[in-house]
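Novice: Below: one structure in structure tokens.
The values are calculated or read from the model by the stated rules, or taken from the named source; none is laboratory data. Since the model is a prediction, treat every value here as computed from it, not as a measurement. Methodologically, a virtual Cβ is constructed for each residue, glycine included, from the backbone with ideal geometry; neighbour enumeration extends over all protein chains shown. The area values use the complete protein model at the heavy-atom level, side chains included, leaving out ligands, DNA and RNA. Shrake-Rupley method; radii C 1.70, N 1.55, O 1.52, S 1.80 Å.
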Amino acid sequence: MTNKLVLAICTAATFTLLAGCTAYDRAASYVAEPVVSDVKVGMTKQQVRAIAGPPSTTATLVHAQGTCDTYAVAPRDGKVQTYFVSYSDTGHVMNKGYQTCSDYDSQPK
């Protein structure tokens, strides 16, 4: 009975570790995107575009101030993952994150 319990615990631990590796690899693929890893708050719009290329969409923000670019990054579970970069009126990065510009504009933080 003890051997079966040890085997069950080891098997569960192995599956838990493997599941963690998959989640880590998925997260690492997002961080490898230049718009995610290299864009920093305070950069100019020109610097961002030099790093990340042209955005998928550009919008003028209504509730938040300034403008916003949305980028399509590595797909997750078959769906396009979006990443926004918002700019102040002077053209400097104010905020960035995993959502669209319209989602960010509805709840700016």
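Novice: What's the number of the condition ALA19 fails, among (1) in a strand (DSSP E or B); (2) open to solvent by 40 Å² or more (accessible area, probe 1.4 Å); (3) modelled with pLDDT under 90?
Specialist: The one condition ALA19 does not meet is (1).
Novice: Right, here's the next one. Quick one: ALA28 ticks every box in (1) modelled with pLDDT of 65 or more; (2) under 19 Å from the mean Cα position of the chain (by Cα) except a single one, so which number is it?
Specialist: The single condition ALA28 does not satisfy is (1).
Novice: Just for segment 96-108: of the residues that are open to solvent by 20 Å² or more (accessible area, probe 1.4 Å) and in contact with a Phe, Trp or Tyr (Cβ under 7 Å, 6 or more places away or on another chain), which one is modelled with the highest pLDDT?
Specialist: It comes out as LYS96.
Novice: Also: Within segment 31-48, track down each residue that is modelled with pLDDT of 85 or more and surrounded by 14 or more Cβ atoms within 10 Å (Cβ to Cβ). Even if it seems obvious, please write down each step before you answer.
Specialist: First, pick out the residues of segment 31-48 that are modelled with pLDDT of 85 or more: 36-48.
Answer for segment 31-48, where residues must be modelled with pLDDT of 85 or more and surrounded by 14 or more Cβ atoms within 10 Å (Cβ to Cβ): VAL36, VAL39, MET43, LYS45, GLN47, VAL48.
Novice: Has segment 54-71 got any residue that is part of a helix (DSSP H, G or I), open to solvent by 40 Å² or more (accessible area, probe 1.4 Å) and without any contact (Cβ under 8 Å) to a residue 24 or more places away in the chain?
Specialist: No: segment 54-71 contains no residue that is part of a helix (DSSP H, G or I), open to solvent by 40 Å² or more (accessible area, probe 1.4 Å) and without any contact (Cβ under 8 Å) to a residue 24 or more places away in the chain.
Novice: Do you know which residues across segment 74-95 are surrounded by 14 or more Cβ atoms within 10 Å (Cβ to Cβ) and closer than 15 Å to SER56 by Cα?
Specialist: Selection gives ALA74, GLN81, THR82, TYR83, PHE84, VAL85, SER86.
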